[in-house]
Amino acid sequence: MKNVMEQYFNKLIAKWGEFNGTLPLVPWNEEVDPHIYVGSQDEEGYIAWKPLEKDKNTNFQQFEQEMNIILHDDLKAYFNSFWFLEMIGWVSEYNVNLYPVTPGVEPEAFFQRVKDYILEKEKNVYIPVGFESNGMLIVMNNQSGGIFIENYEDESYEYLSSNLKELISQLDFN
């Protein structure tokens, strides 16, 4: 997982450099641990950032016991590889935005999203991992690791990728 994510971040940084002559920019967020930011905010409130390799792993055991689930290993690897503020790109006709692993915010935000989702759905087969630009959730089948787009209205799932690593490696910039 770490290698695929590192390759993605290298492409993202190169694309931003080519497009804007900067590192990736995001709106300043005071909840974020500032060590991920590079430089200072611009006049519009945006600031550059760089992914940071995580030096301490998140322990999911207490959350898994509380929710009576075992999270897929790909999900744990995703959350234990890097701190980052954005992972976006196109896969086929879908504009995918995977949830960031934000220092100072995670893993609590992830735990709350998963808890809310499971309680709403009353099942724990799928875990939200991001969203598509039209507002549909990107979910992981917690048993197979497969990635799907969830149609909330008819509760159907459209196949997107066989696993999270494959999805990240397919993210492209238009």
Taking the chain as the reference, fit the longest principal axis to its C-alpha atoms, fit the long axis of helix 2-20 to the helix C-alpha atoms, and give the angle between the two in degrees, 0 to 90, nearest 10. 40 degrees
Reciprocal mean inverse distance between Cα atoms of the stretch 7-63 - Kirkwood radius, Å: 13.0 Å
Between 0 and 90°, nearest 10: helix 108-121 axis offset from the chain longest Cα axis: 30 degrees
Pick from Met140, Met67, Met87 the residue whose mean-square fluctuation is largest in a GNM of the chain, springs joining Cα atoms under 10 Å. Met67
Towards the positive end of the charge dipole of the chain, with charges on Cβ (+1 Lys, Arg; -1 Asp, Glu), say which of Tyr78, Gly89, Tyr99 has the farthest Cα. Tyr78
If N is the number of residues in the chain, what value comes out of its Cα radius of gyration divided by 2.2 N^0.38 Å? 1.04
Please work out, to two decimal places, the log10 of the ratio I(q)/I(0) at q = 0.21, 0.26 Å⁻¹ from a Debye calculation in which every Cα of the stretch 102-168 carries one identical scatterer. -0.92, -1.26
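Report the net charge of residues surrounding Leu25, where surrounding means a beta-carbon distance below 13 angstrom and charges are Lys +1, Arg +1, Asp -1, Glu -1.
Combined, the nearby Lys, Arg, Asp and Glu give -2.
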Within the stretch 92-163, chymotrypsin sites (Phe, Trp or Tyr not before Pro) in DSSP loop having at most 13 other beta-carbon neighbours inside 10 Å: Tyr152
Using Cα pairs under 8 angstrom and six or more residues apart, how large is the relative contact order of the chain, in percent? 19 percent
Under a point-charge model restricted to the Cβ atoms of Lys and Arg (+1) and Asp and Glu (-1), what is the dipole moment magnitude of the chain relative to its Cα centre, in debye to the nearest 20? 600 debye
Above-threshold pairs, the threshold being 31 Å between Cα atoms, out of Lys11/Lys115; Lys11/Lys54; Lys115/Lys165; Lys11/Lys121: Lys11/Lys115; Lys11/Lys121
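Each reported figure results from applying straightforward, stated rules to the coordinates on display, with no laboratory input. This structure is a prediction, so every number in the text was calculated from the model and none was measured. Ideal geometry is used to build each Cβ from the backbone, glycine not excepted, and the neighbour counts take in all protein chains shown.
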